[in-house]
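Laboratory data are not the source of any read-out in this text; all were calculated from the coordinates shown. It should be emphasised that the depicted structure is a prediction, and the values quoted were computed from it without experimental measurement. FYI the Cβ positions are ideal-geometry reconstructions off the backbone, even for glycines, and counts take in every protein chain you see.
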Amino acid sequence: MFSFLQFLVVAVISYAAFGAGVWALIDASRRSSVAFVNAGKQTKTLWIVILAVATALLFISLPFPLGSGSGPLGIIGLAAAVAVIIYHVGVKPALGPHRRGPSGGGRSNRNTGGW
């Protein structure tokens with residue numbers, strides 16, 4: 001019973017980390033290259049490569065039905081999760097006020113009609 005709860009906790013954390021990696025990769029790819037430079041962070045290309053590798057490693061380190069999740073991949077998955085956390089905690093907030101992608105994607109302050 002206790003081992004099943006341990007597996008369940010590890011599975012939930014692993015799938016959450018993988019989901020956060022996918023979310024970070026999509027978010028970074030939608031941002032403009034200029035936003036990364038203006039925020040004083042590394043280049044967009046470097047962050048996409050870091051997040052793509054981290055997401056792939058998180059996928060490989062998922063529990064048994066999808067990945068292997070055992071042995072040295074556990075520590076590699078942890079390092080990949082740290083890279084994703086760094087993006088979400090340090091890079092993404094710095095990019096926040098900047099526009100997303102070539103179309104803008106954010107809210108506009110101009111009055112678009114109505115009263």
| For Thr45 and Val22 in one chain, what is 0.36 nm times their gap in residues minus the Cα-Cα distance, to one decimal in nm? | 6.7 nm
| query | What distance in nm separates the simple spin-label points at Leu5 and Ala79, each placed 7 Å from Cα in the Cβ direction? | reply | 3.3 nm
| task | Apply the Karplus parameterisation 6.51 cos²θ - 1.76 cosθ + 1.60, with θ equal to phi minus 60°, to every residue of the range 41-52 and state each ³J(HN,Hα) to the nearest whole Hz, in sequence, with x for glycine and proline. | result | 9, 5, 6, 4, 4, 4, 5, 5, 5, 4, 6, 5
| Against the rule of thumb 2.2 N^0.38 Å, how large the Cα Rg of the range 18-94 comes out | 1.14
| remark: Quick calc: nm separation of the 7 Å Cα→Cβ label points for Ile13 and Val89 -> 1.5 nm
